[in-house]
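A short write-up of the structure that comes next.
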Amino acid sequence: MHKQGSVERLLAAWREETGPAGRRALLALFAAAVIGAVLLGRTGVPWSRPAALAVVLLGGAPIVVARRRQRQEDRDVRAAVAATILRTEPDVGLAALRALGLRDRALAGGDVGSPELVGLHLSRVLGRASEGLVAKRGARVAWRWSLGGAALALACFGVVAFEPARIVEGLDVLAASTGRAPLALVWTRDTSVVAEPPSYLDREREMLSAQAEAVLPVGTRITVGAVPLRRGRSLVLSDGRGEVPFVDDGNGGVVAHYTVTADASLTVAARFGAVLVPEPRSLGIDAIGDPAPVVRLEGAPATKRLVLEPRITLRWSAEDEHALREIALVLRAGEKEERRVLSKPEGGTRKERGGLELFASDRFIAASHVPIEVSVEALDDDAVTGPKWGRSAAFVLVPPAVGELELLRYRALAHARDALTELLGARLDAARRGRGTERSEASDEAQQARALGVLKAAIKASYGGLHVPGKIAALGRGQTERLDKALGEARRGGRARGALVLASENAVLAIDAVLEALGARDTRTCALLLSDVASEAAVAIKAGAEQGERERSERRAAAALEVLSKGGTNLLGLGELGLDLGEIVASGVRRIERALAAGDRHHARLAAEDLAARLRQPDPSFGSSGGGEGPGGVEAGGGGEGEDARPSEAASQAEGLDEALAELRRDHARERQAVAQALDEAVTHEQRDALKEELRQLAKEVRRAVDELPEQSSDAESARGQARAGRAAAEAMAGELERGELGEATDHGKQALKELAGAARTGQKAESGSREEEVGRAAKQARDELQARVASAEQRLESQRRQASEAAKAALGEAARRERSLAERARKLRRDSEASEAPLPDDMMKRLAEASLAMDQAGEELGGKRGHAGLERQDAAQRLLELAATPRDESDRGRTEGERGEMSRDAEVPPEKKDEAADRFRRRVTEGLGRKTPAHLRDAVRRYTEGLLR
Amino acid sequence: MRRRLRLRVWAAWLALLAFGLVAVDSRAVLGVSALRARVKIVELELALASELLAAAGDDAEVVVERARLALYRGECDEAVRLLERHDVSERDDAAELVGVAKGCARVTAATVVLRDESRGVAVRFHDDADTPLFPYLAEAAATVRDALERDLGTRLPSPVWIELVRDQLSLAAVSGLPESAAKTTGTVAVAKWGRVLMISPRAAKSGYGWLDTLAHEMTHLVLSQATRDRAPLWLQEGVAKREEVRWRKATVFDGVVSHDDVAQDGFRRGLGVPLTGIGPSIAMLPSAEQAMVVFAEVASFIGYFTEHAGEGVMPKLLTALRDASPLAAPEAAILEVTGTGLGEWEKRWRAWLAGTARAPVEERIVATPVRKQIARGKRLGELLMARGFYDAAEAKLREAHALLPRDATLRCRYAAALVGEGETLAAEGLVRAPGDIRWPTAQWWSLHDDLLGKSALADARWHAIANDPLDAAVACEERPRGELPVEPKLRALCEAARRFAPE
């Protein structure tokens, strides 16, 4: 109970009225602030959290203010007066305030009276204040507060009731850490997941469970469709690294497309600013990448020395899960790389295989002096991550050092020369001791056989793909035959023993001479190669001036120096010039290495350039008469005996004979061409046209004659089979007639008659009334008809030839004279060969003799105005001349092949229609079969080409 | 006011004129310096030339002379660097030098240089395998220098630079001599750029007289030095030919084939040329044979001249040539020194040559079939010996030797076969008498020394080395493989000779 005249009484009345309403209003305000803060936080923007906190604080602040004000009123009477009676009864309130002022002064010792008196005055003033008025006003204020609080409470309720999930979302977002909300929420329903593999895989679409684990190829397109539970959410499909937004599917749902690139866990989520709120479920994806094609190279990895294996067979296979696009042979040597397309499969080929052969003479290999890595690579058709190459294991081909093969060949021939020298030495020793016994003669024969065996082996051998040149081989065979003849004569005794010794001497000197020439030739060839290597060293050293290139440059230079070093060592063994240049290479390499060791790249480069310049001119270091005998020998003009005569002219004579033979061959071919042209031009256009028409008619008749004959047969020996062959030959005849090839036409006609006669005979023997008998009869009839046509063709041919020869008689007369002159040249060549130190082998001499005979006959025919007969003899002579030619230089052949950059592909002929190359090959063969071929060679050509096609 | 202005204009004109004069004068001074430096370079006073050029500025003309000096010093990289300066490279005289400088830089890069400071000799070896030749070169060069000072009155400065290159291509590159000309005439050495440039004896199949060649080329250097490069070609070559054997002890073979005889024979065969018509270089004559005749011709003339003009004429002639006006003909110096002109001297010499009525030079043309027979016998002998058939080889070589008995090479092969047979005495007889051969080869000297021992001609081994030092038999004193000479420098030479020699 408060006493009358106290301020507490008034306060109590005020609070009794306003307290409950005020508390409710403040609570409502605070609740509204919290809800506002949550909604603000739900935006997820970076500043939303501090803003939400500010709102909450603002909402709570009135409660604190109210509490503080209440305490103030309790402590301070003036505050209490101001809060109560000053508003209800201002006069009383002001009086109370004045009384309070007096009390304060009295208490401070002022002369306003005693404190008790002043206190009594205050009590009376306060006592005048109406408690009822205060309570009345309090009730009014409380009403207003209650109204405000209720409005706020209602608003809060409305916000929450409208979409309570927003409050949860807001709270979830506000509680997020590292951009991800802690509480997973469900955003969608009726979720569907469809996986569509990349089109190049050619696989079906697949429905997936939204919560399962799926194994999918890289590139698979996943389509997630769903119905959102709540609108207005920014839904995304997240794989943890990135996200794809859902878009409206136009059917009340949303859809998102995702492409698999790696393993992932796919989750539907809602994005609130920077915060992602995922769903509790997810789809695990195990991504399967497209592996590169698998390429296998039979026998690889392996290292092969080309000296021992100059022909490397490569059998490869390539496989890809989907499709192969390209297969290539890859050759790498040092910094160089060359890719050669082996195949370009089409139509989704998944497997491919093939084979090829690489030769030591291949352009790339021959030009590489460092080990070569050979592999096969295949390219797939991966459209997602891009095509990938798969590579096989590699063969490492160790090429022969420069000059290594040449040195092997040189040594083999030197060995043969030494064997012959020993034979000669033994014979000379025996001659000095007097005529040998039977036993020593037997031993002599055996020794000759051994020596010639060594020579033959040296000539025949392959030195890592390098062979003894044809001219030298021919010379060797010629010497062998001469020695054998001399030995045969020596067996008969008499003075032939001396001839045997002389033949032995000649053989030694001939082989020695060609050895010297070959050594010099090989030295020059190798020196030029080494010159390129020295230039490469210079370039490499120069490139090393740049710091970034230093390491690569050192590798290149080291490789070049190694090649130079080995090459130089090989040169040393290749005779006089080889020794000279080999020493220079060794010296050059030392110079370069010395400068490099001293870090002097400039001089190292210059030294390499100096060596390259020297090797580019692979001549003897000293090229004139210095060093000869005599008192000169200073500065210039050294005296001496001058050039020594050569001990043997075998090398130059072999060269001369070869050239003469080649020239004869060329001249004769030209001559034959001239005769053919003269005969051809002897027929006028009008005559030719008339003849063409006539032959066309004849061709029709030929076709008609065999029209009833069977076209197919499985038994070549049957009447049907023979009739079929007869028909084919007759049709060939018709074809030749249409082309105007009368000679070939009659040949085919005769062939057809022969086949048809056989068919008729077989048919006669067949059972009466049988099909065979019937065919035999038809064949006989066709034969009878065809016989007349063939005879007609023969007559026409003879007539045509006679006419042509007659018309070209002047030209033929001239040609006859020239042909006889060529025959004489052939005979002279034989005589020269017999007289030379390098006689041609017997077989070549024989062919040359036959060729000269054929030329004589051709001359006779041409002189007798029998142009075509002459032409035929000329053809025979030309063939014999070709056969008499020295075998081609195998090493040169190899080089030419290499230069063209071609590879032998005879390891495996591609099956029909496998690819374009195979088609082209077949076309060439077929066309070749259809071309005009001399009659006597026709069967051989056909057998050969058919064999190829098989 | 107007007067002050005129004064100012005059002052400006005067200043400009003064500047122009100074500039022109300094250019002239610099030009003279370059010219003086060039003279000093030719006189091989390289230090002085360097000083002159150092103070001569940086004009293109001066730079060219610096490049020339660098070439004389063998500093080819420096020469290239100097000549590649833009304004320098456009000059004609620079274009002439730059090719040589580049060739020289290439050939001399990363080579080995050995010096003998006490003798004042430096040798650059294109092929480091030739370094065992250095002691012989240094000793010979020092001796030749003394001999030339004695005969010509001028001493070569130290060091005497010798470039021993590996081949004719390199010789052409360092000298500037066209390679084709070097090949045509068989040039083995050139004196150029103050240095002796010579081919290694390794380059020639049977070596050559490399030490006499050194003397010959050093004579050229002295003549250029002493006459400021004004000695005419006939004088250069004649004196050099004379001096090439005067530096060492004479042998019984010196003079066996007389220059006079060869010259006379050359005139008879139409190969001789007038002294003043030799052309720019003997090395550029059309053939080796004509070069040989012309060498004999000039040597014969110089022999005649020194004999008839009195002792000491040569130093006087060289001095007269040096001191003569650059525009004066060299012949004037002869007239000044001897009182007789060159034409008259040549006339007298030709008359003397014709009047001496010596027998013609030994007939050297051997019929082709015989030459072929000789070549067969020689080669068969070599091949048979290589396979150990000494008896058979001896028979073949005996036949060949009988066809050309005075040929030292055949004689040596024959002797070697006899040695192989164990017929040492017979072999000794073959290489005993110098009169048996027309001219000795290194192999003859070597076998002579080996087989005759103490009764051999003096310095036989040295003469063998002086002709073909890198022949394994010569350098190794005919010892079998595995055995080495005792003397260190010969031992080194033997090892170098055997390094690449075929077994």
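For residue A:283, the residues whose modelled amide H falls within less than 5 Å of its own, excluding neighbours fewer than 5 places apart on the same chain, are A:266, A:267.
Fully extending the segment from residue B:32 to residue B:146 would add 37.7 nm, taking 0.36 nm per residue of separation and subtracting the current Cα-Cα distance. The trypsin sites (Lys or Arg not before Pro) of region B:214-285 that meet both conditions, a loop assignment by DSSP and at most 11 other Cβ atoms within 10 Å of the site Cβ, are B:249. Note on region A:469-599: the alpha carbon radius of gyration divided by the globular reference 2.2 N^0.38 Å gives 1.68.
Computed on chain A, with alpha-carbon pairs under 8 angstrom and 6+ residues apart, the relative contact order is 8 percent.
Could you list A:202, A:76 in order of exposure, starting from the residue whose Cβ has the fewest other Cβ atoms within 10 Å? Provide the component values of the computation, followed by the final result.
Details: A:202 10, A:76 14.
Ordered from fewest to most neighbouring Cβ atoms within 10 Å, A:202, A:76 come out as A:202, A:76.
Between 0 and 90 degrees, the angle of helix A:496-543 with respect to the longest Cα principal axis of chain A falls at about 20 degrees. Could you let me know the centre-to-centre spacing of region A:451-471 and region B:384-416, using Cα atoms, in angstrom? Using only Cα atoms to place each centre, the spacing works out to 31 Å. Would region A:679-884 count as rounded, prolate or oblate if I go by the C-alpha gyration tensor, calling it rounded below 1.5 in a/c and otherwise prolate when a/b exceeds b/c, oblate otherwise? It is oblate, given that a/c is not under 1.5 and a/b is not larger than b/c. Close amide H contacts of residue A:222 (hydrogens built in the peptide plane, cut-off under 5 Å, sequence separation of 5 or more or a different chain): A:196, A:258, A:259, A:260. For region A:751-808, the list of GluC sites (Glu not before Pro) that fall in a loop by DSSP and count at most 12 other C-beta atoms within 10 angstrom reads A:767.
Between the helical axis of A:404-433 and the longest alpha-carbon principal axis of chain A there is an angle of about 30 degrees.
Over chain B, calculate the relative contact order: mean separation of alpha carbon pairs under 8 Å at least 6 apart, over the residue count, as a percent.
Details: 723 pairs, mean separation 51.2, N = 503.
Reported relative contact order: 10 percent.
In chain A, a dipole from Cβ-located charges (positive for Lys and Arg, negative for Asp and Glu) runs towards its positive end, and of A:746, A:768, A:558 it is A:558 whose Cα lies farthest in that direction.
Computed log10 I(q)/I(0) for chain B at 0.06, 0.07 Å⁻¹: -0.35, -0.46, from the Debye equation with unit scatterers placed on every C-alpha and solvent omitted. Shape call for chain A from the C-alpha gyration tensor, a ≥ b ≥ c root eigenvalues: rounded (a/c under 1.5), prolate (a/b greater than b/c) or oblate? Verdict is prolate for chain A. Of A:43, A:421, the sequence from fewest to most neighbouring Cβ atoms within 10 angstrom is A:43, A:421. The angle between the Cα long axis of helix A:867-884 and the main principal axis of chain A comes to about 70°, on a 0 to 90 degree scale. Remark on residue A:274: its backbone amide H falls under 5 Å from those of A:45, a criterion applied only to residues 5 or more positions apart or on other chains, H modelled at 1.01 Å from N.
I'd like the Kirkwood hydrodynamic radius of region B:112-355, using the inverse of the mean 1/r over distinct C-alpha pairs, in Å. Provide the component values of the computation, followed by the final result.
Values: mean 1/r = 0.0542 Å⁻¹.
After inverting the pairwise mean of 1/r, the radius is 18.4 Å.
The GluC sites (Glu not before Pro) found in region B:56-145 that occupy coil by DSSP, while having at most 12 further C-beta atoms within 10 Å, are B:90, B:117. Measuring against 18 Å, Cα to Cα, the residue pairs B:40/B:192; A:566/B:102; A:344/A:388; A:754/A:780 contain A:566/B:102 as the ones spanning a longer distance.
No value in this document is a laboratory result; all are computed from the given coordinates. All of these numbers come straight from a predicted model, not from anything done at the bench. Positions of Cβ are generated from backbone atoms using ideal geometry, with glycine treated the same way; all protein chains shown enter the neighbour counts.
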